[in-house]
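One structure below.
The values are calculated or read from the model by the stated rules, or taken from the named source; none is laboratory data. It should be emphasised that the depicted structure is a prediction, and the values quoted were computed from it without experimental measurement. Cβ placement follows ideal geometry from the backbone for every residue including glycine, while neighbour counts extend to all protein chains displayed.
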Amino acid sequence: MAHEMEKPSRPSDLYRALGEDVSPARPIITGDIFADTEITELDGIRTKRTVMILDHPCSLRTDGVTLASRLTVAEVISGSPGSWRGNYSKMFLPKLQPEEQGAQDFVVLFDRCYHVSPAQVTTAHRISCLSTVGINLLLQRRVKHFSRVTVPTFEFQNANVGVYDEVDLVEDWCQDREDDGIKADEAAAECMVWLREEVDGTRRQELLKDDQRRSTVRQQMRAHLKMLRKSL
């Protein structure tokens, strides 16, 4: 039985955070959108564009913390949504920005990709983070674009649930440690060391993939953060 391409029930389902609601503590992940990103064209001319991160979360970092030396992004332009069942070379971003800022609807163009350095991204302005639904729809459309195969979004969810939860956990850790005067980069590294520790022979990172044990990891994290605060 052939699967159909999916779409969000409402535009807001696509986004975890927009504009000022985007937390600086959140690790950069697939689907993040950056405005004013410096891009080098094939002719060597440098321009600033709005782009979306396309790399899978596992490919973004070499050690769980440090961004890879080369990141793949796609251009984001103003444009109205089309049919979600077609237009495989695009990802629609309806209501990406408030009406008072001008254009509301935008489109990601998978056939306008660039490679950028971490510095080109981190010096730009992150304006959006996709929700889990949004990331899964993005992955579905990219796979369809390159292969013409429709993979149900629940398959991406099953494959990546541990990674998604890890990013959320690191964000929470960094926000908590910010109250202790710890910078985000240092806090993220600290969190990754903790996540890679083994519990009964299994890394906490692996436990995040288990629906039955994910909440236990979060409980342990809260207890550990309290301990760190008491040690200050």
Any helices (runs of 4 or more DSSP H) falling wholly within segment 45-160 and containing at least 3 residues that are under 26 Å from Val193 (Cα atoms) and outside the structural domain of Ala184 (by TED's automatic domain parsing): 57-60, 118-122
Within segment 12-37, tally of residues that are buried (at least 16 other Cβ atoms within 10 Å of the Cβ) and not in a loop (DSSP other than H, G, I, E, B): 8
Val116 vs. criteria without any contact (Cβ under 8 Å) to a residue 24 or more places away in the chain and of a type in the set (A, V, I, L, M): no
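So which residues in segment 147-164 are over 17 Å from Val22 (Cα atoms) and under 18 Å from the mean Cα position of the chain (by Cα), if there are any at all?
Of everything in segment 147-164, those that are over 17 Å from Val22 (Cα atoms) and under 18 Å from the mean Cα position of the chain (by Cα) turn out to be Thr153, Phe154, Glu155, Phe156, Gln157, Asn158, Ala159, Asn160, Val161, Gly162, Val163.
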Subset of segment 29-50 (residues that are touching a residue at least 60 places away in the same chain (Cβ under 8 Å) and among the β-branched types (Val, Ile, Thr)): Ile29, Thr30, Ile33, Thr37, Ile39, Thr40, Thr50
Among (1) surrounded by fewer than 16 Cβ atoms within 10 Å (Cβ to Cβ); (2) free of Cβ contacts under 8 Å to residues at least 40 places away in the same chain; (3) within 25 Å of Val170 (Cβ to Cβ), the one test that Ala103 misses: (3)
Pair list, Cβ under 8 Å, 6 or more apart: segment 59-78 residue modelled with pLDDT of 95 or more and small (Gly, Ala, Ser), other residue buried (at least 18 other Cβ atoms within 10 Å of the Cβ) and not in a strand (DSSP E or B): Ala74/Leu54
